[in-house]
Structure formats: structure tokens, C-alpha cells
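Reviewing the structure listed below.
The values are calculated or read from the model by the stated rules, or taken from the named source; none is laboratory data. What you see is a predicted model; the values in this text were computed from it and never measured. FYI the Cβ positions are ideal-geometry reconstructions off the backbone, even for glycines, and counts take in every protein chain you see. The area values use the complete protein model at the heavy-atom level, side chains included, leaving out ligands, DNA and RNA. Shrake-Rupley method; radii C 1.70, N 1.55, O 1.52, S 1.80 Å.
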Amino acid sequence: MQMGDETRQRVKFTDDRVCKSHLLDCCPHDILAGTRMDLGECTKIHDLALRADYEIASKERDLFFELDAMDHLESFIAECDRRTELAKKRLAETQEEISAEVSAKAEKVHELNEEIGKLLAKAEQLGAEGNVDESQKILMEVEKVRAKKKEAEEEYRNSMPASSFQQQKLRVCEVCSAYLGLHDNDRRLADHFGGKLHLGFIQIREKLDQLRKTVAEKQEKRNQDRLRRREEREREERLSRRSGSRTRDRRRSRSRDRRRRRSRSTSRERRKPSRSRSRDRHRRHRSRSRSHSRGHRRTSRDRSAKYK
């Protein structure tokens, strides 16, 4: 989805409406545009200015948009693989049954066909880059593989009736789910393996593998960070509990000290009247003793005077 000037001013790259795969330069809608499997316009916002903003911001902090992009590509590739399996099933249902020996020989021709197509695509790429010598070496390898293919085709032809050999045998490309013919010529194979569709799917699959690795590494790092923060928090809580326990112990100790002091003070207060009463009793006892002694002495004197 493209944006107008007003929308561009309001929307930030962090907005949910922005395609995170586009920000990471891996949206299938961009990669497969103009191919036989053109997906049309993406339902989310695509804008190169937002991608530039994201690239600047991602250098300062981890935004973890790789997870969204990975989910997007996984869904797309899963659908592609589902189509590949359906195509294989249809071929198995519609093509005639052949013996295991014939099937193996047909498979050999397919493999050599693919090898030729890939080599030609590589030679063309090297030639376009100006690396003519390497391109010529690749073309020499192509001629060798062509000779092997011719022998394989001869073996395949001799293993089954001519009427059956004339029927086009197909297989499904495991990368992009396109059909490949057993008798496709070199040009057709080179166009396929060097074409934008096939290379686009290779790019998408490679990007998905890269995203999976990046997401796994970042998730592991985040798990370790969470574990470390939890351990730090638990350590702080233990220290806080110990500190609180020591504070409570000090409070209890001070409280016991105060109770002891109050108890001693009360005991002293109780002992003071007791000692005072004891002294009073002692004084009264001494007073009575003296009075009794004086009375006894007077009586004795009175008796003595009487007998005289």
C-alpha cells in the first residue's frame, strides 16, 4: 500500500499499519512483483522513507521487527509449499504409472536438465558482470552435462514404449512450485532457474532462514536478560527481608530492654515501702522493749523499798 503526503506525515514506521517485512526489505509483494506470481499490492503500508527511518532507529535500539517479518514469510512459504504438494499430488494422479526403473531414469534426466539450466543462468550472470573467462568455463561444463543428458534420455527412451515417451513428463520445482517438463530445452531451463520468480523464492527462503536465526538469538538474549533481572530482583528482596528482620530484631531487643527497665523500676518501687515498713516495725519493737524494761525496773525498786 502506498501513502499520500498527508498519511506519510502522520504515520511512523512503528505503526501497526506499516509492513515490517518491507522495512526489512523482504516482503514477497516487492520481491515477486512483475513475475508470473505477482501478488499485487501489499495490504500494509510500503514506503522507502519509513524504511530509512527504521534503519536509523534500529542502530540505536532493538525494535525486534524480525519476529513480525518472520511470521509473515513463514506464512507465505507454508502456502507455497502447500501448493507444491498439491501439484505433486495432481501429477501423481494424472500421469500414468511407470515402473521404478523407468521412474529412476526419468528422474536422472530431470536432474541433468536442472543442472544445465542452473549452469546457463550462472554463465549469463558472469557474462553480464564482465567475467567472460569464467562464463566460458561454465559453458564448457554445460556441454559435458548435455552429453550426459543425451545418454540419459536414450536410456529412458529405450526403457519404455515410444508412445509413452512422447507424452510430456512433468515435475514440480521444490523452490517456487513451478512445473518443469522432462523435455524442456536448455533455454527454457535457463529462463526458469535464472528467472526473477525462481531467484525471488530463493531470496525469500534465504531471508526466512536468516530471520529464524536472528529471532532465536534475540529471544535467547531476552530470556537471559529476564532471568538476570529476576535473579537481581530476588536478591534484592532477600536483602530487604534480611534488613527488615534485623530491624524487627532491634525493635524487639529495645522493647525487651524497656520492659526489663520498667520491671526493675517497679520492683524497686515495691521494695522501698517494704523496707520502710520493716524499719517502722523495728523501731516500734525497740520502743516497746525500752518501755517494758523501764517499767520492770520501777517495779523492782518499789518492791525493794517495801521490804525495807
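Taking the condition of being surrounded by 15 or more Cβ atoms within 10 Å (Cβ to Cβ) and within 12 Å of ILE204 (Cβ to Cβ), how many residues in segment 65-88 meet it? Total satisfying the criteria: 7.
If the condition is being in contact with a Leu (Cβ under 8 Å, 6 or more places away or on another chain) and either over 17 Å from ASP184 (Cα atoms) or assigned to a loop (DSSP other than H, G, I, E, B) (or both), then segment 140-162 contributes only GLU141.
I want to confirm something. Restricting to segment 43-56 and keeping residues that are aliphatic (A, V, I, L, M) and within 15 Å of HIS22 (Cβ to Cβ), which single residue is most open to solvent (accessible area, probe 1.4 Å)? Step by step, filter segment 43-56, then rank; the result is LEU48. Only one of the numbered conditions (1) modelled with pLDDT of 80 or more; (2) open to solvent by less than 80 Å² (accessible area, probe 1.4 Å); (3) farther than 25 Å from GLU79 by Cα is not met by LYS148, and that is (2). Condition check: part of a helix (DSSP H, G or I), open to solvent by 40 Å² or more (accessible area, probe 1.4 Å) and at pLDDT below 85. Does ARG171 satisfy that? No.
Quick check, is ASP62 open to solvent by 40 Å² or more (accessible area, probe 1.4 Å), out of contact with any Phe, Trp or Tyr (no Cβ under 7 Å at 6 or more places or on another chain) and either outside the structural domain of VAL175 (by the TED database) or modelled with pLDDT of 95 or more (or both)? Yes, satisfied.
Report yes if some residue within segment 208-221 is within 26 Å of the chain's Cα centre (by Cα), at pLDDT 90 or above and small (Gly, Ala, Ser); otherwise report no. Yes, that holds for at least one residue.
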